[in-house]
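Worksheet for the structure shown next.
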Amino acid sequence: MIVEEEAMDITTPTLMTTPAPAPPVGTGPAAGAAAKSEVTDLTEYAARYAGERHWDVFPGTWLEIDKGVPRCSCGAANCDAPGAHPVRPGWAAEAAGSATAARRMWAERPQASVLLPTGRTFDAVEVSETAGCLALARMERQGLRPGPVIGAPGGRMTFLVLPGAAARIPDLVRRLGLPPGAVGLTALGEGSWVAAPPTRLGTRGPVLWVREPTDANRLLPDAGEIVPALAYACGRDLTAAPRR
């Protein structure tokens, strides 16, 4: 078990989410569509992630309205990630990291989801929303600065970290005295991806930034800096689960 150095405030922080960064004035979904509550053109979001953050991006599936109900373009009735997964197996070769390439890829399907491959410019660590909130509060008390954090419908939070983390995280968790498979912490590296805001997951709602990308968090944290807080929070979440 992890030994805590300080008293823990057991009050779960409120999840604060922010939308994806707005595209440049006069372009993309913000132009002439301010009144729309749902983003239908994700081109400039993809271009901005590639151009400003230098993240590789690639277009995924999209949502199609069938009798008033949004369904995934893949056609699967039981799709696990409607409107937010790769279109075909060769997606890794399609990902590119320039704004020009992003605009070209989204030209045919501007409504396509924005997917970011992990294992390139960053890896990702996924935990439950409750654990993520607890971890963010703990990091704040300890003076740690997380990188960008994504909140997805369904109660999951994803922390972006320096690449190479996926291979190291099992050992990092073991050093904390915990079995890696029992913590509820998932590492995403090469061969995986994350959906970027404001991609929408069917009727569940849009992906949002819990901690949006800024100049202050451009330099991503090493996994070793934030895994202790994440693993501790996951342990607290699992311990509390039976009492909910």
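Each value in this text was obtained by applying a stated rule to the coordinates, not by laboratory testing. The model shown is predicted, which means the values in this text are computed figures rather than measured ones. When we count neighbours, we look across all protein chains shown, and the Cβ atoms used for this are built from the backbone with ideal geometry, even at glycine.
Full extension from THR121 to SER98: what is 0.36 nm times the residue separation minus their Cα-Cα distance, to one decimal in nm? Don't jump to the answer; show the numbers that get you there.
Working: separation 23, 0.36 × 23 = 8.28 nm, distance 1.31 nm.
This chain segment gains 7.0 nm when fully extended.
Considering the alpha-carbon set of segment 39-243 alone, what are its Rg and its Dmax in angstrom?
Rg and Dmax of segment 39-243, Cα atoms, are 17.1, 53 Å.
Can you list the residues of segment 56-70 with backbone N under 17 Å from a point 7 Å past the Cα of THR203, pointing along Cα to Cβ?
Taking a point 7 Å out along Cα→Cβ of THR203, the residues of segment 56-70 whose backbone N falls under 17 Å are 63-70.
Along Cα→Cβ, 7 Å out, is where each label goes; now give me the distance between the ones at ARG218 and ARG175 in nm to one decimal.
It works out to 2.9 nm between the two label points.
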